[in-house]
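Here is the structure we will look at.
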Amino acid sequence: MVKKLSHIALLVCCMLLLAGCNAARSPQKSAKNFFEAIEASDYQRAVEFTTLNPEEDLELYYAIMQKQQASIAEKGGIQSVKIVSENRSAETPDKATVVVVINYKDGSTQEECCNMTLHDKKWLLDVNLSSK
């Protein structure tokens, strides 16, 4: 259960990075903006860069985001977000996987794998809280 919540929290972080750019034209930009929004505790903006339905699962999503933001704060905040790789398949051009490394101000790092999907010309973090 803790591992599943950790995965959800990481996905939420990816979503928050996506939230920083209203017209996210690349999976990389969306992922980076998602994490930056989480650090800023701007959960409303973050959710806009996810596949979550605004009328469902928001209470759980916000709880996870608050926990993730607290974890970021314990590490002194985010120093940088670096995109390590982006993988897209010719068979599924509307899907991408972005690997992100988050460098924290306390010197620690964390690698995240963000599954992205193209929806209405915007790259969104693919989140399904019920499957976690």
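The values are calculated or read from the model by the stated rules, or taken from the named source; none is laboratory data. What you see is a predicted model, and the numbers here were worked out from it, not measured in a lab. Every residue, glycine as well, gets a Cβ built from its backbone with ideal geometry; the counts of neighbours run over all protein chains shown.
Contact map, the stretch 57-78: residues that are within 22 Å of ASP106 (Cβ to Cβ) paired with residues that are among the basic types (Lys, Arg) and surrounded by fewer than 16 Cβ atoms within 10 Å (Cβ to Cβ), Cβ distance under 6 Å, separation 6+ or inter-chain. Pairs shown: GLY76/LYS105; GLY77/LYS105. The combined condition, being touching a helix residue (DSSP H, G or I) at 6+ places or on another chain (Cβ under 8 Å), aliphatic (A, V, I, L, M) and modelled with pLDDT under 85, is fulfilled by VAL12.
On the basis of being part of a strand (DSSP E or B), at pLDDT below 95 and not acidic (Asp, Glu), does GLN79 make the cut? So GLN79 passes the test.
Pairs linking a residue in the stretch 97-110 that is in contact (Cβ under 8 Å) with a residue 24 or more places away in the chain and in a strand (DSSP E or B) to a residue that is among the β-branched types (Val, Ile, Thr) and surrounded by fewer than 16 Cβ atoms within 10 Å (Cβ to Cβ), with Cβ atoms under 6 Å and 6 or more positions apart or on different chains, are ASN103/THR109.
Rundown of residues vs (1) touching a helix residue (DSSP H, G or I) at 6+ places or on another chain (Cβ under 7 Å); (2) modelled with pLDDT of 90 or more; (3) crowded, with 16+ Cβ neighbours inside 10 Å, yes/no style:
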residue: SER41; (1), (2), (3): yes, no, yes
residue: SER89; (1), (2), (3): no, no, no
residue: PRO93; (1), (2), (3): no, yes, no
residue: VAL98; (1), (2), (3): yes, yes, yes
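Considering only residues in the stretch 105-132 that are hydroxyl-bearing (Ser, Thr, Tyr) and under 16 Å from the mean Cα position of the chain (by Cα), the one that is farthest from LYS29 (Cα to Cα) turns out to be THR109.
Among residues of the stretch 50-76 being in contact with a helix residue (DSSP H, G or I) (Cβ under 8 Å, 6 or more places away or on another chain) and in a loop (DSSP other than H, G, I, E, B), the one that is modelled with the highest pLDDT is LEU52.
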